[in-house]
Amino acid sequence: RMTEDALSICKEGINAVNPSMAVKRHISILGGILRIDNKEYNVNDYESILLVAFSKASSAMAVACIETIRGDNNNGWNQLPLEGVGILKDNHSTKEELDLLSNITIQYASHPVPDKGSAEGACKIFNLIEKNASPKTLVLVYISGSGSSLFCEPQFPLTLEDLRDTNTALLGSGLSIEDMNVIRKRLETGKGGLLAKAAYYSRLLDGSID
């Protein structure tokens, strides 16, 4: 009996931090109404959906979002065109997840020190949002652990090598991630609210999880 209880506790603990389940606990659709936490969005107000995800769990989170939006043939949301960009850490996605993300541009990048893929992924996200900016566009953003490294494009005139050196120094400094990000956001194009600013003309929903 104790073994069964211990296994049950472990299973519940794993489920509690499962990124796919975490997303599905916060997003649902009833009829034409998309509900995220306590906010509601009517399908009639939108013409397209953009999905942006960057983290070690981004493939799982993006799949959970797509499964919810496309899961009900009568909700209207599944009729809207959906495209997006996912920045994934190497070897942190399954073949099944990638198959379900066939309409999402996938970019692999490095963590904890950013690489060329981090900058290319950030650029793809900005291009996607800027190209589709409209009050009729719903932008869903999913971020969790490692996102600050995977989504990383230097502010001019800094170079990627400058960011790599800075991140390496910060990682060895003993600073908390919050203090590190105070510095990072002043060196990059997307942090400190700049991604949200790029999407200001659209409706942006943040589905980030801790």
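The table that follows gives values for the structure above.
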{"read-out": "Cα-based convex hull volume of the chain per residue, rounded to whole Å³", "value": "149 Å³"}
{"read-out": "Global form of the stretch 81-164, assessed from the alpha-carbon gyration tensor, a/c cut-off 1.5", "value": "oblate"}
{"read-out": "Trypsin sites (Lys or Arg not before Pro) within the stretch 1-69, DSSP loop, no more than 11 other Cβ atoms inside 10 Å", "value": "ARG1"}
{"read-out": "Mean-position separation - Cα centroids, the stretch 49-92 and the stretch 155-208, in angstrom", "value": "23 Å"}
{"read-out": "Label-zone membership for the stretch 87-126, site ASN18, 7 angstrom Cα→C-beta point, backbone N under 16 Å", "value": "94, 96-97"}
{"read-out": "Protection proxy ranking of 41-52, 93-104 - average other beta-carbon atoms within 10 Å, highest first", "value": "41-52, 93-104"}
{"read-out": "Total formal charge among the other residues, if their Cβ is under 15 angstrom from that of THR168, Lys/Arg +1 and Asp/Glu -1", "value": "-2"}
{"read-out": "5 Å-binned pair-distance histogram of the stretch 1-96 (Cα, whole percent)", "value": "2, 12, 18, 20, 17, 12, 9, 5, 3, 1, 0"}
{"read-out": "Gaussian network model of the chain, springs between alpha carbon atoms under 10 Å - residue of ASN78, ASN38, ASN18 with greatest fluctuation", "value": "ASN38"}
{"read-out": "Within-13-Å neighbourhood charge of HIS111 [Cβ basis; K, R +1; D, E -1]", "value": "+1"}
{"read-out": "GNM top mover of ILE36, ILE177, ILE66 - the chain, alpha-carbon springs below 10 Å", "value": "ILE177"}
{"read-out": "Accessible surface of HIS111 - all protein chains present, 1.4 Å probe, nearest 10 Å²", "value": "60 Å²"}
{"read-out": "Qualifying trypsin sites (Lys or Arg not before Pro) for the stretch 162-206 [loop in DSSP, other Cβ within 10 Å: at most 13]", "value": "ARG186"}
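The values are calculated or read from the model by the stated rules, or taken from the named source; none is laboratory data. Since this is a predicted model, take the numbers as computed values, not measurements. Counting neighbours? That spans all protein chains shown, and the Cβs are built from the backbone with ideal geometry, glycine included. Side chains included, ligands, DNA and RNA excluded: accessible areas come from the protein's heavy atoms. Shrake-Rupley method; radii C 1.70, N 1.55, O 1.52, S 1.80 Å.
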